[in-house]
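The values are calculated or read from the model by the stated rules, or taken from the named source; none is laboratory data. The structure displayed is predicted, hence computed values, not measured ones. Glycine also receives a Cβ, built like all others from the backbone with ideal geometry; neighbour counts cover every protein chain displayed. For the accessible areas, the whole protein counts, side chains as well, though only heavy atoms, and no ligand, DNA or RNA atoms are used. Shrake-Rupley method; radii C 1.70, N 1.55, O 1.52, S 1.80 Å.
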Amino acid sequence: MTDGISVRKCSTLPEFEACVALQREVWGEEDLEIEPVTGFLVASETGGQVLGAYDGSRLVGYTLGVVGYRDGIIFIHSHHTGVHRDYRDRGVGRKLKLFQRDEALSRDIRFVQWTFDPLELRNAYFNLNRLGGIARTYKPNLYGITSS
């Protein structure tokens, strides 16, 4: 399903700009809620993750993760992942998340945390069933009302 799709780290401004453009398309959020290029840059420069899924030279998915620290443990908080609508249900999101895990493990980071809306059944199924995530905390309305 993901034949021809490669996943790699993003590290340049044009790559971050492509992530922002895809984010706008995937989430449809208001400008105020869009993670700007500088957020991707800071994550990349401070030990976080900016990962891109590419079909040739075309960015078709991305993951943005930031470094977290709690109870003496360094972890990656996977802030968001987006996949272009033409590439959904083809394993691209899973490929991104598995690469995210492998990249974290390569740096001896053993924990990746993320949030999801339990009312978004496809996302809940993906996180819990396909990825094997474990829900340890429920925080109602964590992000408040958003435009997406």
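For first residues located in the range 128-148 and within 22 Å of G28 (Cα to Cα), partners that are among the hydroxyl-bearing types (S, T, Y) and surrounded by 10 or more Cβ atoms within 10 Å (Cβ to Cβ) and lie 6+ apart or on another chain with Cβ distances below 8 Å form the pairs L142/T115; Y143/T115. Among the criteria (1) outside any strand (DSSP E or B); (2) buried (at least 16 other Cβ atoms within 10 Å of the Cβ), the one V50 does not fulfil is (1). In the condition set (1) under 16 Å from D86 (Cβ atoms); (2) part of a strand (DSSP E or B); (3) open to solvent by 40 Å² or more (accessible area, probe 1.4 Å); (4) among the aliphatic types (A, V, I, L, M), A21 is compliant with all but (2).
Can you find a residue in the range 101-112 that is assigned to a strand (DSSP E or B) and in contact (Cβ under 8 Å) with a residue 24 or more places away in the chain? Looking for residues that are assigned to a strand (DSSP E or B) and in contact (Cβ under 8 Å) with a residue 24 or more places away in the chain, one finds at least one in the range 101-112, hence yes. Taking the criterion of being more than 12 Å from V112 (Cβ to Cβ), touching a residue at least 24 places away in the same chain (Cβ under 8 Å), over 14 Å from the mean Cα position of the chain (by Cα) and in a strand (DSSP E or B), the only residue of the range 55-77 that qualifies is D55. Every residue in the range 24-41 that is open to solvent by 70 Å² or more (accessible area, probe 1.4 Å) and either in a loop (DSSP other than H, G, I, E, B) or on the phi > 0 side of the Ramachandran plot (or both), please. E30, the sole residue that qualifies. Within the range 111-142, which residues are open to solvent by less than 70 Å² (accessible area, probe 1.4 Å) and small (G, A, S)? Within the range 111-142, A124, G132, G133 qualify. Taking the condition modelled with pLDDT under 95, open to solvent by less than 40 Å² (accessible area, probe 1.4 Å) and not in a strand (DSSP E or B), does G93 pass? Yes: the conditions hold for G93. Of all residues in the range 3-18, which are part of a loop (DSSP other than H, G, I, E, B) and open to solvent by 90 Å² or more (accessible area, probe 1.4 Å)? Selection gives D3 alone. Only one entry of Y69, Y62 meets the criterion of being among the aromatic types (F, W, Y) and loosely packed, with under 15 Cβ neighbours inside 10 Å, and that entry is Y69.
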